[in-house]
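Below is one structure, written out as structure tokens; the observations come after it.
The values are calculated or read from the model by the stated rules, or taken from the named source; none is laboratory data. If you're wondering where the values come from, they're calculated on a predicted model, not measured in any experiment. Virtual Cβ from ideal backbone geometry, glycine too; neighbours counted across all protein chains shown.
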Amino acid sequence: MLSCGSVAGEDSGLGDAGAGRYHTARMQEPTPPDQVLARRIESAEAAAGVWCHEALSKLRPGAISEIERVAGGVLAFCGPRSPLTQGRGLGMAGPVTENEVDRIEHFFRHRGVDAALQLSPYADPTLVEALSRRGFTVTLFLHALTRPLPSLTAQPPPPGVEVRRVDPADAGVWARLVAQGFAEHGEVTPEAVELNQLLFHAPQATCFWAFLDGRPVGGGAMATHDGLASLFGMATLPEARRRGVQRALLEARLAHAASSGCAVASVVTLPGTTSQRNAERAGFTVAYTRVMLSKRWC
């Protein structure tokens, strides 16, 4: 989820931009298992766009927040500078018409923002071809990793590390803590804190934080959709790293997802990052690579 580009994804698309990665003909039934899984993940991403819109409407009733369903996915506008303003899950329901691509472009241009679309390599070729003709370019790659969730319980955390679910009364503290983790030693901006508050209040989201020797030092979140658990928003303070905090946060969320009836967990990371390596050590493997496509209007 919320690769909310990652938005505050685990670090935080369109897979390989080469034409060879995009199917030129639809496979007949049965649908390949990897494509079925991709549809579930992209459906969860589209749902995340709706949830963030709902959370923003709840937290800031006067804010302009809009969504539009098109081309099998969701376009979300959560503000001109919000990383949540983007399209998700597009092209996963079959061929896309020129009229639908017109609507995609109009959604962003009418609101005065650059277009930003996350695209799966399983998106219908008609969408990929239309966006290419209209001047969309690749700006970012994102790995979608998954792992099955058999019945499991969290492994005991290292000495001094404790993971708890966040009480709603502590949402603001959690949001700032996660923002501090992502900022490293830089400035924590109000926009970053608000973004994490939106993620906290998104429907289906459950947030956790980790304590080291009794002090909060990290946080992470997850959301469930159709039996799939999306992990996102994990960050730890620099001074608490290499102490098992990230692994404890990951284990706690996986255990919660399994106990909630989820069969699969997913996480989105930038390629080659510590977040990807941590996920792979926890049993995740790369399912596919998304690309972020963008288009500027001036």
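In the stretch 155-183, which residues are in contact with a Pro (Cβ under 9 Å, 6 or more places away or on another chain) and in a loop (DSSP other than H, G, I, E, B)? Matches in the stretch 155-183: none. All told, E280 falls short of being surrounded by fewer than 23 Cβ atoms within 10 Å (Cβ to Cβ), at pLDDT below 95, assigned to a loop (DSSP other than H, G, I, E, B) and not assigned by TED's automatic domain parsing to the domain that holds E42. The one condition from (1) in the same structural domain as R281 (by TED's automatic domain parsing); (2) surrounded by fewer than 24 Cβ atoms within 10 Å (Cβ to Cβ) that Q155 does not meet is (1). Inspect all residues belonging to the stretch 12-23 and state whether any of them is of a type outside the set (A, V, I, L, M), more than 26 Å from L231 (Cα to Cα) and at pLDDT 90 or above. Scanning the stretch 12-23, I find no residue that is of a type outside the set (A, V, I, L, M), more than 26 Å from L231 (Cα to Cα) and at pLDDT 90 or above, so the answer is no.
Scan the stretch 184-224 for residues that are more than 17 Å from the chain's Cα centre (by Cα) and either under 28 Å from P159 (Cβ atoms) or assigned to a strand (DSSP E or B) (or both) and the total you get is 12.
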